Structures are given as structure tokens and as C-alpha cells.
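Contents: one structure, followed by commentary.
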Amino acid sequence: MTVLLHADQPDDVAAAAGILRAGGIVALPTETVYGLAGDALDPAVVGAIYAAKGRPSDNPLIVHVAAFDDLPAVVRDVPGSARALAEAFWPGPLTMVLPRRDVVPDRVTAGLDTVAVRVPAHEAFRAVLRLAGVPLAAPSANQAGSPSPTTAEHVLHDLDGRIPAVLDGGPCTVGVESTVVDLTSTPPRLLRPGGVSLEELRAVLGDVDVDPAVAGELAPDQVPGSPGMKYRHYAPAAPVVVVDGPTTEAAAWVRGQPELHPVVLCSEEEAAAFAGLDVVTYGSAADPASLARGLFGALRSVDRPEITRVFARCPADDAGIARAVRNRLLKAAAFRVVRAGAPAAT
Ligand code: TXA
Ligand code: MG
């Protein structure tokens, strides 16, 4: 049995920190998704995080610290670019990859010479960090391969009985994971789009490359900059296909598919075009942040045995937070994309 603690109860926040101080692990809310936290400097605790999630050991974890000034404890060298990004976006949904210090166990970094670090914004997470007094390693608190959890119920669905407690802080306000940027390469490289957009990063850093794995454009002999990008993720039981193209053409294409029980995942604005089909909306196209907030819950809700295929629509604009939404849907689809209404190749 996993105990449900409440972030608005000071005793419960203290209890979560107590579990961490005693060498345990606990699921905590962040502004992006729920994380499964443990002392980042204790290899046995880090091992317990991997075991509870069923996570492959070659996929490194993000280390969460309370403030920019805590970076030198885990990072060898803090470049000016890190300070500039921290001033702009911390606390918040941005993770920086930097040269690691030896105190950070190999298990956290999967043997890499770098460590991913973030200062989260969620007040309950920050309170637990202060009380625990150690940097916290925290991957998303889902079973490996499932959509990241954006509510305490999602965490319990995946990990009930496998972890001692989850601190319920309500639904996450961002809804997709942090942006991961590698500051050890020149120019800096976007490894995972997330809560801070590429446009915002470029406004601070100037030139920023995008890892080819973000759009699934990795050549067979290329290795993604971020090990996690190579795993199928976020996927319900039924295969997912991303359907690009204008709404009308996409709807016609979907209706033409010989599927026993298709489900369409789209914005509220597009639902009418798919009337008569099983439709799950995940937010409003007019408010891309709402699409990010609703995405993982919607992906979980289409994880039903009777569904034979999920046809997913991405936001029209591949910019801002919508880039993260599209990246997660592409990953759920294992990069299967059809373009409805595309002119025949010449
Ligand atoms: O928003 C978030 O980042 C959430 C919350 C809990 O903070 N955490 C999260 O962690 O999404 P996780 O473990 O699900 O994803 C971490 C990603 C993975 O893709 C991993 O490969 C990458 O960060 N990563 C971690 N350390 C890295 C490193 N040293 N170099 C490159 N990529 C790294
Ligand atoms: Mg994850």
C-alpha cells in the first residue's frame, strides 16, 4: 500500500522529507509532472528509484536542487550560459546538462561525464528539498514507458504498492516534462523540448541546435544526445499514428481506415470534424498550454483494451510549447506519421 500524503498539510510535507532523510523514495509534485524522488548522492537509493519504475539503467536521472547556488555541489564547472538561463527560467521547467562532479554516483548519470540539473518551481517540492537537505534525483513517477503522471492518481495507477508514499499537490500546471538543454556542446543543444520553448532558449543563448532525435530524424548509426530519447514512451496499448494535414482531409483519411475501434485524440476545436467517431480532446488549440496540460491524461484515458488504434492530431504550429506536445505524440507513435491530403510525390 502506498500512503497518500497532502501537499497542503505541513505534517505531510514533513513526512515526505522524513522518508527521504531515512533513505527512502517518495513521489512528489512538480510544475511539470510528478517525480519519483530520492537522495541523489546515495547509489542504493538511486537503485531503488530505477527498480520501482522498471527503468533501463542506461537512462540517466535529473538531479533537483533548491537554488542556482547549489549547482557547484554537483557540477564541476558552471558556465556563464548556465547563469543566464537560471536567471531567466529558474525555478522552472528547464534542465541543464553540465559536467558532473564525482560525488554524483554513476547510477544517476548512467556513467556519463555530465549531469542533468534543474531547480523546480513547485512550492511543495521546494519545501521537501529544503527539509531533506540533499539534492534529489527524480525521474517522472510513472512505470517506465507510460505517459508521465500529471496527478497523484496517475502515480498510484502505476506505482501503488511499489513506493511508500505520494505527496498529492493537485494537477501539474505545465503538464509536459522540463526542457533539457546540453550546455557542454557548442552551440548548446536542445535534447528534449518542454516547458521552456526553443524560442525562449534562443532569446537568452543565441544559437541553439536541436538534437535530431527530437523530431525522430536520427540516422540509424547516430546516438541521441539524451539516452531517454531512444525509448518508446508515453504509449497506450493500441498503436498510435500521428495524422498531419488540414482538419478536413485528416478526418476524411481517418474515416477511410478499416479500424474496428479507432480513437481520435485532438483539440476541442477539431472534435466536430470527427463527429460519430470515438473522440478524446486534450485541450484547446487556441491555448497551446492547455494542450500540454491535458496531453498525458488523455493518452492514459485511451489506454483501453477495446481500442485498436489511436489517431493523434498535433497542434498546427510546431513552435513554443506545441513543439513539446508534438514531440511527445511522435514518441507515443514511435514516429509513425501520415500526412492526409498530401500531394502525390513527383
Ligand atoms: O520535468 C521533468 O524533467 C521531470 C520532473 C520530475 O522534474 N523529470 C523527468 O525525468 O522528466 P525523466 O527521468 O523522466 O527524464 C529525464 C530525461 C531523460 O530523457 C534522460 O535521458 C535525460 O533527461 N538526461 C538525464 N541526464 C542526462 C545527461 N547527463 N545527459 C543527457 N540527457 C540526460
Ligand atoms: Mg520520464
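Quick look at the numbers
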read-out: Where only alpha carbons of the stretch 152-266 are counted, the Rg and the Dmax (Å); value: 18.7, 49
read-out: Principal-axis tilt of helix 288-301 within the chain, Cα atoms, nearest 10 degrees; value: 80 degrees
read-out: Binned Cα-Cα distances of the stretch 1-64, short to long, each 10 Å bin given as a whole percent; value: 19, 54, 24, 2
read-out: Under Karplus coefficients 6.51, -1.76 and 1.60, residue-wise ³J(HN,Hα) of the stretch 144-150 in Hz, glycine/proline x; value: 3, x, 7, x, 4, x, 10
read-out: Average Cα contact separation per residue, the stretch 225-283, under 8 Å, 6 or more apart, as relative contact order %; value: 26 percent
read-out: With all protein chains modelled, accessible area of GLU87 [1.4 Å, Å²]; value: 140 Å²
read-out: DSSP-defined beta bridges in the chain - what % are antiparallel, rounded to 5; value: 35 percent
read-out: Accessible area, probe 1.4 Å, largest first, for residues TRP253, TRP90; value: TRP253, TRP90
read-out: Dmax and Rg, reported as Rg then Dmax, of the stretch 240-339 (C-alpha, Å); value: 12.2, 36
read-out: Within the accessible area of the stretch 51-125 (1.4 Å probe), percent carbon and sulfur; value: 50 percent
read-out: log10 of Debye I(q)/I(0), alpha-carbon scatterers only, for the stretch 73-142 at 0.13, 0.21, 0.22, 0.26 Å⁻¹; value: -0.40, -1.05, -1.13, -1.35
read-out: At 1.306 mPa s and 10 °C, Stokes D of the stretch 3-227 from Kirkwood alpha-carbon radius, µm² per second; value: 92 µm²/s
read-out: Degrees, to the nearest 10: 322-332 long Cα axis against longest axis of the chain; value: 80 degrees
read-out: Solvent-accessible area per residue, Å², over the stretch 240-339 with all protein chains present [probe radius 1.4 Å]; value: 41 Å²
read-out: FRET efficiency, 1/(1 + (r/R0)^6) with R0 41 Å, evaluated for VAL3 and LEU205 via beta carbons; value: 0.45
read-out: Per-pair calculated FRET efficiency, R0 = 41 Å: ARG255 and ARG101 via Cβ, rounded to 0.05; value: 0.15
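The values are calculated or read from the model by the stated rules, or taken from the named source; none is laboratory data. Because the structure is a prediction, the values reported are computed rather than measured. Cβ atoms come from the backbone with ideal geometry, glycine included; neighbour counts cover every protein chain shown. SASA here: full protein model, heavy atoms, side chains in, ligands and nucleic acids out. Shrake-Rupley method; radii C 1.70, N 1.55, O 1.52, S 1.80 Å.
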